[in-house]
1. Would you mind ranking Phe108, Phe57 so that the residue whose beta carbon has the fewest other beta carbons within 10 Å leads the list?
2. Can you sort Asp165, Asp229 from fewest to most other Cβ atoms within 10 Å of each residue's own Cβ?
3. Pairs of Cα atoms under 8 Å, at least six residues apart: use those to get the relative contact order of the chain, whole percent.
4. For Ile178 and Asp150, calculate 0.36 nm times their separation in residues minus their Cα-Cα distance, and state this gained length in nm to one decimal.
5. What are the residues whose amide H is under 5 Å from the amide H of Phe183, where those residues sit 5 or more places off or on another chain and H is modelled from the backbone?
6. Amide H neighbours of Phe173 under 5 Å, counting only residues 5+ apart in sequence or on other chains, H built in-plane at 1.01 Å?
7. Dividing the Cα radius of gyration by the Kirkwood radius, what Rg/Rh value follows for the stretch 8-246?
8. From the convex hull of the Cα coordinates of the stretch 108-169, what is the mean projected area in square nanometres?
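Please treat every number below as a calculation from the coordinates, not as lab data. Everything quoted here is computed from the prediction, not taken from an experiment. Positions of Cβ are generated from backbone atoms using ideal geometry, with glycine treated the same way; all protein chains shown enter the neighbour counts.
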Amino acid sequence: MSFKDHFSRHAGLYAKARPHYPDALFDWIAAEAPVRGCAWDAGCGNGQASVALAQRFERVIATDPSARQIGNAVANPRIDYRNEAAEHTSIADRSVDAVTVAQALHWFDRAAFIAEVRRVAKPGALFAAWCYANCSVTPTVDAVIAHLYDDVLGAYWSPERRLVDEGYASLEFPFTPIAPPAFEMRVDWNARQLLAYLTSWSAAQKYARVTDRDAVAAIADELTAAWQDPERVRPVRWSLAIRAGRVAH
């Protein structure tokens with residue numbers, strides 16, 4: 001399977017406009033890992049999860065096949081960024097205590113990736129992959145976002161997006177499952193910040209390339225009206241869907 005690069009062209013926007021995962025998620029990962037030695041953040045993108053892991057693990061190996069995404073990552077002395085595909089890494093055999101995949105598992109060749117996880121993970125290592133789909137603001141704002149997501153951009157989402165919409169529920173999971181607690185992402189944004197996030201969607205970027213039109217700009221007035229005061233800061237929430245388990249050998 002070739003690398004499907006949906007984000008390198010707008011790696012800078014992606015780094016600035018995406019919400020951050022809750023600290024409680026990484027506290028849970030650190031608590032569930034057998035030891036806090038080395039974590040592998042596969043498909044690390046701009047390193048958002050990698051930085052949080054580095055606050056809890058002695059060492060983090062962060063891999064991504066996009067050099068541009070790695071170029072936008074935050075440097076940290078505990079993080080070893082490597083421009084590598086998740087399916088084929090330079091990580092040593094049985095050297096990793098936790099493997100994380102933040103909003104990226106749906107892009108991987110999963111059979112090859114699982115084989116790589118089994119190679120690099122220590123017995124009993126934690127595996128945790130999570131994703132998030134649509135956000136929630138208010139019923140009127142949510143309706144505008146749903147119209148953009150389904151009606152305007154529906155044909156421009158990659159087939160893999162279905163896995164995100166279902167919270168990875170249908171994916172074959174070869175590890176001993178662990179039931180995670182519920183986690184929610186929350187940011188306090190104004191309307192402009194939400195529009196920047198919507199622009200970072202891969203389907204919005206594809207729509208712009210194919211049609212030479214800006215789908216988000218086309219719904220901006222409607223969303224701003226639904227927001228009421230565009231400078232007002234409102235809570236924006238996403239529920240995280242997590243598949244977690246232990247790697248047995």
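1. Ranking Phe108, Phe57 by Cβ neighbours within 10 Å, fewest first, gives Phe108, Phe57.
2. By the 10 Å Cβ count, ascending, the order reads Asp229, Asp165.
3. 22 percent
4. Difference between extended and current length: 6.8 nm.
5. Leu240
6. Residues meeting the criterion, in which the H sits 1.01 Å from N, do not exist here.
7. Ratio of gyration radius to Kirkwood radius for the stretch 8-246: 0.98.
8. Result: a mean projected hull area of 5.9 nm².
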